[in-house]
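Input: a single structure, listed below in structure tokens.
Read-outs: derived from the displayed coordinates by stated rules, not from any lab. Everything numeric in this text was worked out from a predicted model, so none of it was measured. Please note: Cβ atoms are built from the backbone with ideal geometry, for glycine as well, and neighbour counts cover all protein chains shown.
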Amino acid sequence: MIGSRVRKPGERRPKFGPFASIKEGDRVVYYASGAKVVIGIFDVISDMEYLEKDPEWGEIMIFRIKPVETPPKGYYLNFASVVHDKITSLDLFPNKKIWASYLQGKTCRPLSQRDFDLIRSCLSNPKYRFEKDEKPPPSEMPSHNEIRDMVREIGRLEGKVSETEYPIDSYRLDVAWRKIRAGNPTHVFEVQVGGNFFEALTKLKHAWDKWNSKPIMVTTDRYMAEAKQLLEGSFHEIEHVALIVNWRKIKDLCELEQKTVEIRKDIGI
């Protein structure tokens, strides 16, 4: 199945608007953004459904799909190789150099017939194959939710009202800190380990506009430069107040805060 999280808890609408435009009978290219591979081409075989308690995603809107064409058994299509090939071009990526930014996060994009035909033709091309058993080098980086929970824990240990998935109009912030439960957030966080940076910064700017909250984005070495570039450009209004923080700093601070609590308990203060 393919899915999109809901816009707000209890609201049976997908977070990403284009997802709602999918219909039973459509044909989709299934792209895995983390590995930058195409799993295959699939037919949509259901209307959009609402799952209240999916084991992995919780509340989610989904479509059921069945495979139509896939790479040979044991392989994926290395989509990054297709894009970087000098002889290929896709309408989906006006600027080929930043192609991955068009596909960040759990999202969907309409394909031109030309792009669809190109991807389809590449599925069986040995030049672009990626073995399923190939594994990237092990990473020390925690998941999005683990980093988010570290931010929440830091706030809690510092005596703040610290909450995840904090609502702001039609959005939800990864983490918000408040001094008192009845107050507005003083600090707001978005964790981006490869998702939609534009949407994340939009949420942070909205929180600053609405509550004068300190906007903080937590990201990885790989995306620090991209986040700063967006902050200096489209979101220059919050450049003077916003922070771009490496996830390792969050991990270090969380461990220090936890260690401090343990030491205080041992001392008895």
Normalised by the residues of the chain, what does the relative contact order come to in percent, with Cα pairs under 8 Å and at least six apart?
-> 13
Hey, with R₀ at 22 Å, roughly what FRET efficiency would Glu146 and Lys53 work out to, going by the Cβ-Cβ distance, to 0.05?
-> 0.55
The helix 247-267 Cα axis meets the longest alpha-carbon principal axis of the chain at an angle in degrees, between 0 and 90 and rounded to 10, of 30
Once Lys and Arg get +1 and Asp and Glu get -1 on their Cβ, which of Gly25, Pro110, Tyr50 lies farthest toward the positive end of the dipole of region 1-123?
-> Pro110
Region 144-267 -> Rg/Rh from Cα coords, Kirkwood Rh, value 0.99
Could you tell me what fraction of 2.2 N^0.38 Å the Cα radius of gyration of region 2-131 comes to, as a two-decimal ratio?
-> 1.10
Given H placed on each backbone N at 1.01 Å, which residues far from Leu243 in sequence or on other chains put an amide H within less than 5 Å of it?
-> Ile216, Met217
Got the relative contact order for region 147-242 handy, in percent, Cα pairs under 8 Å and 6 or more residues apart?
-> 19
Placing each pseudo-label 7 Å from Cα in the direction of the beta carbon, Met224 and His84 end up separated by a distance in nanometres of 2.2
Most packed first (mean Cβ within 10 Å per residue), the peptides 258-264, 39-45 order as 39-45, 258-264
Computed magnitude of the charge dipole of region 1-125 (debye, nearest 20; Cβ of K, R +1, Cβ of D, E -1) = 380
If the chain between Lys8 and Asp252 were fully stretched, how many nm would it gain, using 0.36 nm times the residue separation less the Cα-Cα distance?
-> 84.7 nm
Angle in degrees between helix 113-122 and the longest Cα principal axis of the chain, rounded to the nearest 10 | 80
Kirkwood-based shape ratio for the chain, expressed as Rg/Rh from alpha carbons | 1.01
Computed about the Cα centre, the charge dipole of the chain from +1 Lys/Arg and -1 Asp/Glu charges at the Cβ has a magnitude in debye, to the nearest 20, of 180
